[in-house]
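The structure appears below as structure tokens.
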Amino acid sequence: AQSVAQPEDQVNVAEGNPLTVKCTYSVSGNPYLFWYVQYPNRGLQFLLKYITGDNLVKGSYGFEAEFNKSQTSFHLKKPSALVSDSALYFCAVSSPSGAGSYQLTFGKGTKLSVIP
Amino acid sequence: DAGVTQSPTHLIKTRGQHVTLRCSPISGHKSVSWYQQVLGQGPQFIFQYYEKEERGRGNFPDRFSARQFPNYSSELNVNALLLGDSALYLCASSPGTESYEQYFGPGTRLTVT
């Protein structure tokens, strides 16, 4: 079984400061890792993914994430937070099942609040 | 290009009733997945379909069923609704079933009273 943990329900950061949203995962086999963002009353928007290759992946809106295999982590980062980054962030993992399904398993989400 | 579309946007049903939710994937995408998001939680996987065949099923009772049509659109059906089925139901599409990211629709908010 695969699982994702987001240890912080909420992260508060001042505008202009760097932000980090934490994620750890558990999966048998090689993980495919994703970050999504959800604004109120909206669906999920894809930010970035790690499949293979460079451990530092860059995504939309200036976000990046670092894959750390030994720590089974995939933390989301941004060098300078904007008020508009305030939203709910989900980390997700997938791994192929026997039927060829790559179902996503999500964490519970972390609410990011960027304070002006 | 249009994104993933879902209908209806909101729905109110009574316990014991049946509901059908609809999803149209991004043009060219052949895989559709359904997720249930209960308030305060992350989405939970229900089904994945690819080329009209079920490729994966999450831990949901048999009251939940789905299908995919030749044009790759999909329906999620839920029978004998329970209060606990109240949630945001999300549809996601992707080109295939492998490592591609999934693109989500805005969801259907189902309220069961």
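Surface composition of region A:41-116: carbon plus sulfur atoms hold 52% of the accessible area, using a 1.4 angstrom probe and ignoring ligands, DNA and RNA. Remark: relative contact order (chain A) = 37 percent; criterion is Cα-Cα distance under 8 angstrom and separation of 6 or more residues. Derived scalar couplings between HN and Hα for region A:36-46 equal 10, 10, 10, 8, x, 6, 10, x, 8, 10, 5 Hz in order, rounded to whole Hz, by the Karplus curve 6.51 cos²θ - 1.76 cosθ + 1.60 (θ = phi - 60°), x for Gly and Pro.
Taking a threshold of 24 Å on the Cα-Cα distance, which of the pairs A:K108/B:K52; A:K69/A:K108; A:K49/B:K30; A:K108/B:K30 fall above it?
Over 24 Å apart, Cα to Cα: A:K108/B:K52; A:K108/B:K30.
Here chain B carries DSSP beta bridges of which approximately 90% are antiparallel, counting only pairs with both residues inside. Modelled label positions at B:L82 and A:S28, each set 7 Å beyond Cα in the direction of Cβ, lie 2.8 nm from each other. Under a Gaussian network description of chain A, with springs only between Cα atoms under 10 Å, the residue in A:A87, A:A14, A:A65 that fluctuates furthest is A:A14.
Summary: within chain B, the longest segment free of trypsin sites (Lys or Arg not before Pro) located in DSSP loops with at most 15 other C-beta atoms within 10 Å is B:64-113.
The values are calculated or read from the model by the stated rules, or taken from the named source; none is laboratory data. Owing to the predicted nature of the structure, the values given are computational and were not obtained by experimental measurement. Using ideal geometry, Cβ is built from the backbone for each residue, glycine included, and neighbour counts are taken over all protein chains shown. Accessible surface is based on the protein model in full, side chains and every heavy atom, while ligands, DNA and RNA are left aside. Shrake-Rupley method; radii C 1.70, N 1.55, O 1.52, S 1.80 Å.
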